[in-house]
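The values are calculated or read from the model by the stated rules, or taken from the named source; none is laboratory data. Quantities reported herein were computed from a predicted structural model and do not represent experimental measurements. Using ideal geometry, Cβ is built from the backbone for each residue, glycine included, and neighbour counts are taken over all protein chains shown. We work out accessible area using only protein heavy atoms, side chains counted, and drop any ligands, DNA or RNA first. Shrake-Rupley method; radii C 1.70, N 1.55, O 1.52, S 1.80 Å.
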Amino acid sequence: MKPYSLRGKNAVVTGASSGIGLEIARHLAESGVHLLLGAHPGERDTLERIAVELQQTHGIRAWGFACDLGAADGPQSLYEEAGRRFSQVDILVNNAGIMAYGRFDEIPLERMDALLQINARAYLVLMRLFLPEMIRRGEGRILNVSSVAAFQPTPMHAAYGAAKALVQSLSEAVAEEVRNTGVVVSTLNPPYTATPMICGGAFPTRLPWIRMWGLCDPAAIGRAAVDVLTSGKTVHIPRLVPRILHTVLPRVLPRMVNCRIGSLMLRS
């Protein structure tokens, strides 16, 4: 596949106020991409500061837009704002997400409902909103930031892993549907990464898995996102060891064994 040129393109990035989303935005801006940055309304000031920084540093156009993707009209409001800012959207990066760690029966239902709205429904709705125009133009990129958690059950954050599995299956299926249209749908599947979602106190950072393999650098994941967008890869797991563990083991071991291993590695 011919490398996709990013310079001068217009992109929407969700969850852009910190962590992986912020690093993706920085690397896109460095590549000459104009940006609409989305995040929760509580991050409005941070978004505006980031937008100004990226404009001044890289000479691109950038705006922040605060919206709650967990609300029923959140994705639609972001889509409409993108229409006001850009003549067309070339790239959609779905990255927003929240975590819920603990036993399934002990996590408040409201928290898991919010997680599914943000981590799964918002991805689906935004894809559905932006995709038709990309297909009509015969060009575009959709990058869904998934996780290695998409490839097997994840005890102690079961709803999070289930949401990522939905995004993964959806992305790969739609990628095949649009294969000959000029639009590429991809997933970026990082291992646990040093972001506020993981390091902010809602997730134990002394899990056996993290003690063994450590946390990824968000900047490295941002660079990987740009590589995926330019190369047109359908699925990309950064780092060799997670790539082997999460593509080979789920195929050769019984699902019950994979789930038991996950339980041992993900309990604090």
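Between A202, A66, A165, find the one with the highest GNM mean-square fluctuation for the chain; connect C-alpha pairs within less than 10 Å.
Among A202, A66, A165, the largest GNM mean-square fluctuation belongs to A202.
Using 0.36 nm per residue, how much length does the chain from L264 to T234 gain when fully extended, once their Cα-Cα distance is taken away?
7.8 nm
At a Cα cut-off below 28 Å, give the lysines reachable from K164, other chains included and same-chain residues fewer than 8 away excluded.
Correct list for K164: K9, K233.
What is the distance in Å between the Cα centroid of the range 26-103 and that of the range 139-177?
Value for the Cα centre distance between the two parts: 20 Å.
Once both axes come from the Cα atoms, what is the angle between helix 255-266 and the longest principal axis of the chain, in degrees from 0 to 90, rounded to 10?
Around 80 degrees separate the two axes.
What's the angle, to the nearest 10 degrees (0 to 90), between helix 74-85's Cα axis and the longest principal axis of the chain?
30 degrees
Only one of the listed values, (1) 74, 40, 27; (2) 50, 40, 33; (3) 46, 38, 38, was derived from the coordinates as Cα extents along the principal axes in Å; which label is it?
Read-out taken from this structure: (2).
Helix 44-58 versus the longest principal axis of the chain: what is the Cα-based angle in degrees, 0 to 90, to the nearest 10?
The angle comes out near 60 degrees.
Say we join alpha carbon atoms closer than 10 Å with springs in a Gaussian network model of the chain; which of N258, N180, N189 then has the biggest fluctuation?
Of the options given, N180 has the highest mean-square fluctuation.
Please list S31, S146 in order of solvent-accessible area, largest first, computed with a 1.4 Å probe with all protein chains present.
S31, S146
With loop defined by DSSP as not H, G, I, E or B, and exposure as at most 14 other Cβ atoms within 10 Å, which is the longest segment of the chain clear of exposed trypsin sites (Lys or Arg not before Pro)?
It runs 8-102.
Where is the GNM fluctuation largest for the chain (alpha-carbon springs, 10 angstrom cutoff): I20, I118, I198?
The residue with the greatest mean-square fluctuation here is I198.
Helix-only mean residue ellipticity at 222 nm, the chain, DSSP H runs n ≥ 4 weighted -39,500 (n - 2.57), per residue, nearest 500. What is it?
So the calculated ellipticity at 222 nm is -15000 deg cm²/dmol.
Note down the net charge around Y101, summing +1 for each Lys or Arg and -1 for each Asp or Glu among other residues with Cβ under 11 Å from its Cβ.
+2
Does the range 179-268 come out rounded, prolate or oblate, given a ≥ b ≥ c as the square roots of the eigenvalues of its C-alpha gyration tensor, rounded meaning a/c under 1.5 and, failing that, prolate meaning a/b above b/c?
In terms of gyration-tensor shape, oblate.
Contour minus end-to-end for S87 and R111, with contour as 0.36 nm per residue of separation and end-to-end as the Cα-Cα distance?
5.0 nm
What's the FRET efficiency of D227 with S77 using the Cβ-Cβ distance as r and R₀ = 25 Å, to the nearest 0.05?
0.25
Treating only the Cβ of Lys, Arg, Asp and Glu as charged (+1, +1, -1, -1), what charge dipole size does the chain show about its Cα centre? Round to the nearest 20 debye.
820 debye
Quick check: with the 1.4 Å probe, what order do H58, H40, H246 take by accessible area, largest first?
From most exposed to least exposed: H40, H58, H246.
Whole Å is fine, so just give me how far the alpha carbon centre of the range 178-256 lies from that of the range 108-131.
Each part reduced to its Cα centre gives a spacing of 19 Å.
Take the Cα radius of gyration of the range 78-173 and divide it by 2.2 N^0.38 Å, with N its residue count; two decimals is plenty.
1.21
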